[in-house]
1. Looking at (1) without any contact (Cβ under 8 Å) to a residue 60 or more places away in the chain; (2) in a helix (DSSP H, G or I), which is the only condition P197 fails?
2. If you scan the range 135-150, which residues turn out to be within 20 Å of V86 (Cβ to Cβ) and touching a residue at least 24 places away in the same chain (Cβ under 8 Å)?
3. Could you pull out the residue among A293, A306, A338 that is modelled with pLDDT under 95, farther than 20 Å from K213 by Cβ and more than 16 Å from the ligand (Cβ to nearest atom)?
4. Does E133 qualify as being modelled with pLDDT of 95 or more, charged (D, E, K, R) and more than 16 Å from the ligand (Cβ to nearest atom)?
5. Considering only the range 285-323, state which residues are part of a helix (DSSP H, G or I) and touching a helix residue (DSSP H, G or I) at 6+ places or on another chain (Cβ under 8 Å).
6. Answer with yes or no whether A73 is more than 16 Å from the ligand (Cβ to nearest atom) and part of a loop (DSSP other than H, G, I, E, B).
7. Could you tell me whether the range 255-269 includes any residue that is more than 25 Å from G162 (Cα to Cα), part of a helix (DSSP H, G or I) and out of contact with any His (no Cβ under 7 Å at 6 or more places or on another chain)?
8. Just give me the residues in the range 186-229 being buried (at least 17 other Cβ atoms within 10 Å of the Cβ), within 7 Å of the ligand (Cβ to nearest atom) and farther than 27 Å from G8 by Cβ, in sequence order.
Amino acid sequence: MKILLTGGAGFIASHTCVELIEAGHEVVIVDNYVNSQPEAVRRVEEIVGKSIRVYEADVCDKAAMNRIFDENAIDAVIHFAGLKAVGESVQIPLTYYRNNLDSTLTLCETMAAHGCKNLVFSSSATVYGVPDEVPLREDMFCKGCTNPYGWTKYMIERILEGVVNADPEWSVVLLRYFNPIGAHASGRIGEDPNGIPNNLMPYITKVAAGQLKQLTVFGDDYNTHDGTGVRDYIHVVDLAKGHVKACDYAAGHKGCEIVNLGTGVGYSVLDLVKTFQRVNNIDLPYVIGPRRAGDVDACFADPRKAREVLGWEATKTLDDMCRDAWNWQSHNPKGYKA
Ligand code: WQD
């Protein structure tokens, strides 16, 4: 199939490009590089040994999106494009609602106008809000999100369910990611956040690289085995493979499915820190600090539906995630920036 990836130069999207091409699909990318680098696409081309058609454009731009569909017989779309920083979304909510919702509405209108009705959407476990229980299952009632970023993901899920209800010819898979970390084994693509990382693993790798002084562990008084926050870390390559399976599923089915992409195993902050130190033989300086607003004690997936519906499950270990994350950071101290 010829598959359009919106936000295709991003962390998860670039890894998904590799897996799609290696599975025999053709990929087209649209990205405005607001949160990514063109170099990422060049690295993907290097890994797969093929050139990739890239459109530098904003998914909100109707004319640009119509041109892409006019020039390419797109069979399916994976919609990664969107602003995704939780803290930033609290500061500039209108920008997040405008960008993330507008881009999705423009994309769906353009797809419908060109008869393309297969869509995989990059959703997030953040739509579950503060869970009453774990593991999280797709049929659980989502009580409410804790930030505008999460609300945009929740709203887009509801919009896409409405599209499918109105036109049963659509096939939509809503993938709820847990905590993607790690990098392609080659060390040529990886996570390259702008500025000081908000997320745990990129912060750890920059401390290990000597670019940041120490890690602050946000709280050690949570109701978990060691008091630090527990999350479902999933290797980004496993996540990417899940997208290939989701595209295959969407091509053969109609309707809308919500699917968790997680390992089903929760690890604490200190579990990750200790694993990173052991696997990479690096001493990682850290201090225990206060809780971060909005954090929950524990969040991890019930992964059964992904196995049953998509025939997919994560296979990489926390050791793999820590090794690959450091391999990327240590070989690319400035990420994709020269
Ligand atoms: C993980 C754990 C922190 C940084 C976020 C988004 C979510 C998704 C994944 C997009 C928590 C602790 C972190 C640090 C720390 N993104 N931590 N020191 O918050 O689970 O999820 O990223 O979909 O939507 O909310 O990920 O990596 O920020 O935090 O102790 O410097 O690490 O308290 O327990 P989170 P995270």
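1. (2)
2. L136, T146, N147, P148, Y149, G150
3. After applying the criteria, what remains is A338.
4. For E133, the condition - modelled with pLDDT of 95 or more, charged (D, E, K, R) and more than 16 Å from the ligand (Cβ to nearest atom) - is not met.
5. If the condition is that a residue be part of a helix (DSSP H, G or I) and touching a helix residue (DSSP H, G or I) at 6+ places or on another chain (Cβ under 8 Å), then A306, V309, L310, L318, D319, M321, C322, R323 are the ones that fit.
6. In short, yes.
7. There is at least one residue in the range 255-269 that is more than 25 Å from G162 (Cα to Cα), part of a helix (DSSP H, G or I) and out of contact with any His (no Cβ under 7 Å at 6 or more places or on another chain).
8. L215, V217, F218, G219, T228, G229
The values are calculated or read from the model by the stated rules, or taken from the named source; none is laboratory data. These numbers come from a predicted model, not from an experiment. Positions of Cβ are generated from backbone atoms using ideal geometry, with glycine treated the same way; all protein chains shown enter the neighbour counts.
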